[in-house]
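Quick notes on the structure that follows.
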Amino acid sequence: TATAWRTSAGAAARVPVAQVTNLTRSLKACQSAGFMVVGLDADGETDLYDLEAAVGPVVVVVGSEGRGLSRLVGETCDLTVRIPMVSDVESLNASVAAAVTLAEVARRRSAAE
């Protein structure tokens, strides 16, 4: 939307964005192309800071706020990742969780160079 475009502070013009009809089918296509599909989930099996796949081709799936990943999308993910929380905060909103995750992926990639 126009509002989302304005609030992106110009990032929407530089970051590729794709809209798909069937997310599960698209994630499976990404897996077939060699991507690791990682879903963010508060009860994920791996801590974000232990995500070794971050240095390779990766797709990060962020669920909706409140409900998280749908069952089928969660089952399609190769791995579910949780962001360690050190305070009484139970979870982060979707945009903050995505930002924290992408920052960790960028950090790991720069350290691997």
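The values are calculated or read from the model by the stated rules, or taken from the named source; none is laboratory data. Computed from a predicted model, the values in this text were never measured in an experiment. So basically every Cβ, Gly included, is an ideal-geometry build from the backbone, and we count neighbours across all protein chains shown. Protein only, heavy atoms only, side chains kept; ligands, DNA and RNA dropped before computing areas. Shrake-Rupley method; radii C 1.70, N 1.55, O 1.52, S 1.80 Å.
Accessible area per residue was computed with a 1.4 Å probe on protein heavy atoms; LEU92 scores about 60 Å².
Taking the Cα of THR46, stepping 7 Å toward and past its beta carbon, and measuring to each backbone N in the range 67-101: which are under 16 Å? Residues 74-84, 101 qualify, since their backbone N sits under 16 Å from the label point.
Round to a whole number: what % of the accessible area of the range 30-87 belongs to carbon and sulfur, probe 1.4 Å? So the carbon and sulfur contribution to the accessible surface is 50 percent. Contact order for the range 44-113, expressed relative to its length and based on alpha carbon pairs under 8 Å spaced 6+ residues apart, stands at 49 percent.
Roughly how many Å is it from the Cα centre of the range 95-111 to that of the range 17-85, as a whole number? Cα centroid to Cα centroid, the span is 14 Å. Using the rule -39500 (n - 2.57) for each DSSP H run of four or more residues, divided by the residues of the chain, the 222 nm mean residue ellipticity is -10500 deg cm²/dmol.
Annotation: the antiparallel percentage among DSSP beta bridges lying fully within the chain is about 10. Per-residue Karplus couplings for the range 31-46, computed as 6.51 cos²θ - 1.76 cosθ + 1.60 with θ equal to phi - 60°, are listed in order as 4, 5, 7, x, 7, 8, 9, 10, x, 7, 8, 4, 9, x, 7, 10 Hz, Gly and Pro entered as x. Over the chain, with the other protein chains present, what is the accessible area per residue in square angstrom, probe 1.4 angstrom? Using a 1.4 Å probe on heavy atoms only, each residue of the chain averages 68 Å². Our summary gives the range 1-61 a relative contact order of 31 percent, counting only alpha carbon pairs under 8 angstrom and 6 or more residues apart. Sparse packing (at most 14 other Cβ atoms within 10 Å of the Cβ) combined with a DSSP loop state is found for the following trypsin sites (Lys or Arg not before Pro) in the range 1-109: ARG14, ARG67. How large is log10 of I(q)/I(0) for the chain at q = 0.19, 0.23 Å⁻¹ when the intensity is taken from the Debye formula with one equal scatterer per alpha-carbon? Taking Cα atoms of the chain as identical point scatterers yields -1.15, -1.47.
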